[in-house]
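Reviewing the structure listed below.
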Amino acid sequence: MTRPDAIVIGAGHNGLVCAAYLARAGLDVLVLEANDAAGGMAAARPLGDGYRVPGLPQCVAPLGRAIRSELELERHGYAPGRPVETIVLDPGSAHLAIGQDRVAGDGLAQADAAAWPGFRRQYLAFAEALRPLIENPPPRLKNLPRGDRMTFAKLGWKLRVGLGREAMYEFLRVVGMNIYDVLNDTFDDERLKAAIAIDAVLGSAMGPRTPGTVLTWLQRLYGELDGAATIHSGNRLVEALTRAVEAAGGRLRCSAPVARILVEDGKASGVQLEDGETIGSGLVVSNVDPRRTFASLVGAPRLDTLFANRVTQIRGKGVVAKLHLALDGLPEFRGLGAAALGNRLLVAPSMRDIERAFNHCKYGECSPEPVLEITLPSIHDPSLAPDGHHVLSVSAAFMPYDLDGGWEAGREAAARAVLARLAQFAPGLEARIVAREFLSPADIEAGYGAVQGHWHHGELSLHQSFMLRPLYGAARYATPVDGLFLCGAGCHPGGGLTGLPGRNAARRILDTGGRP
Amino acid sequence: MNIAREHFRQPLGRTPFHERMVALTTSEHWATWNGYKVPRIVDKLSIEYFAVRSGCAVMDLTPMEKYRIEGRDARAYLDRLVVRDLAKLRPGRVTYVAWCNDEGKLIDDGTLFQLDESRYRLCSQHHQLDWLLMSARGFDVGITVETHDVAALAVQGPTSYSVLSEAGIACLGDLKPFDVTRSDCAGIPLTVSRTGYTGDLGYELWMEPGDAEAVWDAIFAVRGRYDVHAMGLNALEMVRIEAGFVMPGFDFNTAEATVRNDHDRSPYEVGLGWVVNLDKGHFCGRKALAAEKARPPRRRLTKLVVDGNRPVGEAFVYAGRNGKQVGEVRCTTWSPILKANLALADIEFINGKLPEPLWARFDYQRELKWHTAWAECHAQSKPFYVPAHRSLTPPARY
């Protein structure tokens, strides 16, 4: 095999995005994937006999306009799915449906219904104001290059002129706050508040009262600037990105787990696969969790002492488990018509319930009343299940990576807790189960290489965001090892199916000619 | 519960040589070193100074920080820790090392002894356990503090070889500078290295604390035939400046104890560039040091001979008399053997060069009245005092 100009480790969506940009710039790119298919957490995975489920993401905004057009993803078969609403399930069947511009349900106060569209618009405007920061490599704070000055200038403009004086004050007031206080100031309806709070905390080891949860919500809302959230089916996105890489001349090699990043004289010189094969390249881009990239693939001995120790202090403990069910037919949810099942369903009665569920995971316990996000992706992509059959996908929080007694012992009880919670709303569900799969955070770590099973390769907390993500010394995609770059969710702007870390990384690599 | 709670009555530790030191001291001039009570001056400074330079001086080194580093990865660990190339270090040898943080700023310096294939001893001025443990991530290496478990004695001066041989320590004649070997003193096992901080011929003896007094007594038993004196920290300060040795924490701020930006120093900036080997492979701070080396030098800790015989003490240094202030004196001494006024000064370079001429402005007191004076300073590149007898093997017998 010819020596590639660049090796991208990990064919998750950020790795593919980065590889596509590099390949389009004329580099000979080789993407190495440990699993037998590309896509990482976003890839569909087989379940039972003849079923597939769409990996970890469930309800996500489409890729941003910039990536879609720059990589010509539509030409490669990408199409954003149908927008869906969020339905908060109520034990008494007083379900609440939340759309972009409307909220409706039994018992909803008129004031809340009236306040929702304006509130959402305001926070979308806040997210828009953060766009220059999110869509560019995080700027340096000292000795700014010209591009960084532009980022700050645009950010300042968007905050001061884009938002206007009043809104900017409001933004500065809330941006460091917790979502619990902000929502209690604004709404009365527990179901509505819980639904927003879920978006702020799901995937993080945070409860609604954790400081910084307004920011995490803004990061989620940012995705919706370029299109409403849809149900992820795991196929189209990954296939389109793969084609984009290959159309630009990039190569993809699956079942090729990387054991080490080779470093010679302080410079990346290639990778060694687990079977011993070495592939040389002076440019190595890691889509792997930064903690694993540095601690295992590079190794602390080849890093400087303080940096190697900071790596171990990156916070990011997975607290969400995944339950996949193959069903012999469409399940029935009490008080919900079949037509509504294509939406995103939430089991989270109130913010207090979410906070209480979070409390358990702080002490190594699974919540006995987990918070659930439920989708039926086969409604949107019938190819996932045989005719008339369906797959149901559940993200269940809070289930800690470091469960007392370990996940081997605790897995079945946790799965039962989720099923019992589901049964409160869909009593006949269990009888329809053909196959099931439960992924604890430990399974997510083992299957996707995400340290401690954290979706975002590190908590999206303020102290690990922007120019501090993933850590001081590697926050601008370059690392202390010359020729080694990061491009994954562990980098700015963080996790989610945005492709932005991959795009920003590629820009940095190309801008600098591969030098840090 | 019965816990010994009397330790607070003796806040300063006593080394195993303490009783012997007490018996000898006339000045009762004590200092704290690393939590131990040690003499600043035992009897008379001039006697102690001249014992090092023309006789034999004995100094209690026990408070010096000592670490045992051992295990499968011990060599790889040390290679990553220190800025020096260790390729030539082998069992029975000692080398001078320094280590830096990620930014290439000095944390400390010390001597590294290779005791056998996978066992080392690192001696340093300051407590380093936290840094050594942080550096151990990813290595199979054991790190043990042995400061309080090993008694150490420096025996220094032109007649130290004769004194120790007379005291019954065999095979010293073959010991080259920076050699270390197992030996014994009248049946007491000990480790001897030909090392020191005085710039003179000298040895360091390492032994079990329980054997300390017997070894001391064997050495002092040759008094009468040889001039042997116990020495304190003040004489050491004089001779180490003459020898051009730097003192971390005094001549420069150690990096991990520095708060203010740019107040720490790199090896290049304190004249330890010769220790740094950028080609030896990865070590902590290498990238930063390579970048620094590619730039013109910003400053150097510079050896100065100051005109006149008044000790300059604390002083600013200027580029020319009444010129621009370019530096500060870090330490200073009158050298009796060179009849010269010596100083180490931290000097900012101008356009990558040492400014000339250099003048020190200093204040001094005469009968309580303060005066200001100027003295021209002459920069030296070599250590002030390097006697030929220091490196002879075998050393001269007296």
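A few points about this structure:
- Stokes-Einstein translational diffusion, the range B:183-255 - Kirkwood Rh over all Cα pairs, 0.692 mPa s, 37 °C, in µm²/s: 227 µm²/s
- Alpha-carbon centroids, the range B:324-342 and the range B:257-317: separation in whole Å: 17 Å
- Under a Gaussian network description of chain B, with springs only between Cα atoms under 10 Å, the residue in B:370, B:99, B:33 that fluctuates furthest is B:370.
- Amide H contacts under 5 Å for residue A:47, placed H, 5+ residues apart: A:52, A:53
- Accessible area per residue in Å² at 1.4 Å probe, computed on the protein assembly as shown: 40 Å²
- Between the residues B:385, B:358, B:331, the greatest Cα displacement towards the positive end of the dipole of the range B:275-398, with unit charges on the Cβ of Lys, Arg, Asp and Glu, is found for B:385.
- Karplus (6.51, -1.76, 1.60) ³J(HN,Hα), θ = phi - 60°, over the range B:24-36, in Hz, Gly and Pro reported as x: 8, 6, 10, 8, 6, 9, 9, 9, 9, 9, 6, x, 10
- With θ taken as phi - 60° and the Karplus curve 6.51 cos²θ - 1.76 cosθ + 1.60 applied, the whole-hertz 3J(HN,Hα) list for the range A:324-331 is 10, 10, 9, 10, 7, x, 6, x Hz, x standing for glycine and proline.
- Total formal charge among the other residues, if their Cβ is under 12 angstrom from that of residue B:72, Lys/Arg +1 and Asp/Glu -1: -2
- Between the amide H of residue A:251 and those of A:29, A:30, A:31, distances stay under 5 Å, these residues lying 5 or more places away or on another chain, with hydrogens modeled in the peptide plane.
- When the alpha carbon coordinates of the range A:448-516 are projected onto the principal axes, the ranges are 33, 22, 21 Å, largest first.
- Cleavage-rule hits, chymotrypsin sites (Phe, Trp or Tyr not before Pro), the range A:390-488, DSSP coil, Cβ neighbours within 10 Å at most 15: A:472
- Look at the dipole of chain B built from charges on Cβ: of B:7, B:133, B:221, the Cα furthest out on the positive end belongs to B:133.
- Chain B shape via C-alpha gyration tensor axes, a/c threshold 1.5: oblate
- Net charge dipole, chain B: roughly 980 debye, given to the nearest 20, about the Cα centre with Cβ charges of +1 for Lys and Arg and -1 for Asp and Glu.
- Accessible area buried, both sides summed, chains A and B with 1.4 Å probe, Å²: 1400 Å²
- Rounded, prolate or oblate (a/c below 1.5 giving rounded, otherwise prolate when a/b exceeds b/c) for the range A:1-77 by Cα gyration tensor: oblate
- Whole-angstrom gap from the range A:372-406 to the range A:416-470, using each part's C-alpha centre: 9 Å
- Summed over qualifying helices (DSSP H, 4 residues or more, each -39500 (n - 2.57)) and divided by its residue number, chain A shows a 222 nm mean residue ellipticity of -10000 deg cm²/dmol.
- Portion, in percent, of the accessible area of the range B:226-353 that falls on carbon or sulfur, probe 1.4 Å: 49 percent
- Across B:366, B:265, B:300, mean-square fluctuation computed from a Gaussian network of chain B (C-alpha pairs under 10 Å connected) peaks at B:366.
- Distance between the range A:263-340 and the range B:1-66 - C-alpha centres, whole angstrom: 56 Å
- Net +/- balance of residues flanking residue A:405 in space, Cβ distance below 14 Å, scoring K and R +1, D and E -1: -4
- J(HN,Hα) series, the range A:103-118, from Karplus relation 6.51 cos²θ - 1.76 cosθ + 1.60, nearest Hz, glycine and proline x: 9, 8, x, 4, x, 6, 5, 4, 4, 5, 4, 6, 6, 4, x, x
- Report summary: the helix-based calculation at 222 nm, which adds -39500 (n - 2.57) for every DSSP H run with n ≥ 4 and divides by the residues of chain B, gives -4500 deg cm²/dmol.
- Given +1 at the Cβ of Lys and Arg, -1 at the Cβ of Asp and Glu and no other charges, the dipole of the protein assembly as shown around its Cα centre is 2560 debye to the nearest 20.
- For residue B:39, the shell of other residues with beta-carbons less than 10 Å away shows a net charge of -2, using +1 for Lys and Arg and -1 for Asp and Glu.
- Among the trypsin sites (Lys or Arg not before Pro) in the range A:421-516, none is located in a DSSP loop while being surrounded by at most 16 other Cβ atoms within 10 Å of its own Cβ.
- The angle between the Cα long axis of helix A:190-201 and the longest principal axis of the Cα atoms of chain A comes to about 10 degrees, rounded to the nearest 10.
- Label-zone membership for the range B:251-278, site residue B:290, 7 angstrom Cα→C-beta point, backbone N under 12 Å: B:278
- For the range B:1-148: Kirkwood Rh in Å [reciprocal of mean 1/r, alpha carbons]: 17.7 Å
- Net dipole in debye of chain A [+1 Lys, Arg Cβ; -1 Asp, Glu Cβ; about Cα centre; nearest 20]: 1680 debye
- For the range A:216-282, Kirkwood radius (reciprocal of mean inverse C-alpha pair distance, Å): 15.6 Å
- Each 20 Å bin from zero up to the one holding the largest Cα-Cα distance in the protein assembly as shown carries the following percent of pairs: 13, 35, 26, 19, 6, 0.
- A Stokes-Einstein calculation at 20 °C with viscosity 1.002 mPa s, built on the Kirkwood radius of the range B:97-149 over Cα pairs, returns a diffusion coefficient of 175 µm²/s.
- Anisotropy class assigned to the range B:270-356 is oblate, per the alpha carbon gyration tensor with a/c at or over the 1.5 cut-off and a/b no larger than b/c.
- Charge dipole (chain A, unit charges on Cβ, about Cα centre) - positive-most of A:473, A:62, A:423: A:473
- For chain A, the longest site-free run once GluC sites (Glu not before Pro) in DSSP loop states with at most 13 other Cβ atoms within 10 Å are removed: A:278-516
The values are calculated or read from the model by the stated rules, or taken from the named source; none is laboratory data. Keep in mind it's a predicted model, so treat the numbers as computed, not measured. Heads up, the Cβs are rebuilt from the backbone with ideal geometry, glycines too, and the neighbour counts pull from every protein chain shown. When the accessible area is computed, the model is the full protein with side chains, heavy atoms only, and any ligands, DNA or RNA have been set aside. Shrake-Rupley method; radii C 1.70, N 1.55, O 1.52, S 1.80 Å.
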